[in-house]
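Some notes on the structure that comes next.
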Amino acid sequence: MVCGVLLLRLRRRRQTSCRFWIHPLLLDRDSRGQFWSLYQNLREHEDRFMNYTRMSISRYLATGQSLASIHFAFLIGKSTASLIIRETCVALWDVLKSEVMSQPTTAEWLDIADGFQRTCNFPNCVGAIDGKHIRVVKPIRSGSRYYNYKNYFSVVLMAVSDANYCFRYIDVGAYGSSSDSAVFGHSTFGRLLARNSLQLPAPQLLPGTTFPFPAMPYVFVADEAFALGANMMRPYSSRGLTTERRVFNYRLT
């Protein structure tokens, strides 16, 4: 008896939710959808286009709206909007990655190091590395893989930036439960660094030193979560710091 009632309710719910193969609201897309009714006019006024989309006409992909609001504004299905967003992002990355985030050459690494020397008084530095937890809704059947030490679900953005706060490398999507050091070690950039395949400049003397002081390698700076290496510099432990080590930690930070 109970099973029969449950099946009847399920059948009614399914019939109610599937009354339309395509909802009548979506059939007016070409006349009432936002793309057709608003965007064409906005494109004639770049300042207003910028004010509305927060990006220029020539290259825009930004919105603060939810998929539900996009569904009603553009009169397309939410699943369709989600698919379009993913496919567009992949296409943009495939086309533009070599232009906007290519691997630096030796000469470009030297320019980056010059920037850190001028702005931070830190010599032989070619990048700052850190991870950022991006909060997400717990993915279905993911267990605790995305649950981080801050007690929420996340994916990790691992980034290397120059002295102008520009990303020179990113890795997105690692489990929130993974440590920064593990995420970096398994990333493409981390593997290239371990193989000495980043075309880093040859070691050179630090400013204010002369022979017989040794030439020092170019390094990336990171916090205590990362392992010390030939090309990876982290701060000294906070215990028993001398004045020199305290100054070094300040510069690195």
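The values are calculated or read from the model by the stated rules, or taken from the named source; none is laboratory data. Nothing here was measured: the structure is a model prediction, and the numbers come from that model. Don't worry about glycine lacking a Cβ; one is built from the backbone with ideal geometry, like all the others, and counts go over all protein chains shown. These area figures cover heavy atoms from the full protein model, side chains too; ligands, DNA and RNA do not enter into them. Shrake-Rupley method; radii C 1.70, N 1.55, O 1.52, S 1.80 Å.
Before moving on, here are some points about what is shown:
- Spatially, the range 80-99 and the range 201-253 are offset by 39 Å when compared through their Cα centroids.
- Cα gyration tensor, the range 95-142 - rounded (a/c under 1.5), prolate or oblate: oblate
- Of the chymotrypsin sites (Phe, Trp or Tyr not before Pro) found in the range 160-253, those in coil by DSSP whose Cβ has at most 14 other Cβ atoms within 10 Å are Tyr165.
- Cα gyration tensor, the range 56-154 - rounded (a/c under 1.5), prolate or oblate: oblate
- Cut-off under 5 Å, modelled amide H: who pairs with Leu75 long-range: Gln34
- Rolling a 1.4 Å probe over the protein heavy atoms of the chain, with every protein chain left in place, gives an accessible area that is 57 percent carbon and sulfur.
- In order along the range 114-120, phi translates into HN-Hα couplings of 4, x, 5, 5, 6, 8, 10 Hz, rounded to whole numbers, per the Karplus curve 6.51 cos²θ - 1.76 cosθ + 1.60 with θ = phi - 60° and x for Gly and Pro.
- Two-site label geometry, Ser98 and Phe167: point separation in nm, points 7 Å out along Cα→Cβ: 2.0
- For the range 155-163, Karplus couplings with θ = phi - 60° (6.51, -1.76, 1.60), whole Hz, Gly/Pro x: 10, 9, 9, 9, 9, 10, 10, 9, 6
- Virtual paramagnetic centre 7 Å along Cα→Cβ of Ser179, amide N under 14 Å, in the range 232-253: none
- Calculated from backbone phi, Karplus (6.51, -1.76, 1.60) coupling profile of the range 238-253 in Hz, x at Gly/Pro: 6, 7, x, 6, 7, 4, 4, 5, 5, 5, 4, 4, 4, 5, 5, 5
- In this structure the amide hydrogen of Val219, modeled in the peptide plane, comes within under 5 Å of the amide hydrogens of Cys125, Val126, none closer than 5 places in sequence on its chain.
- Length gained on full extension, Met50 to Val90, computed as 0.36 nm times the residue gap minus the Cα-Cα distance: 12.1 nm.
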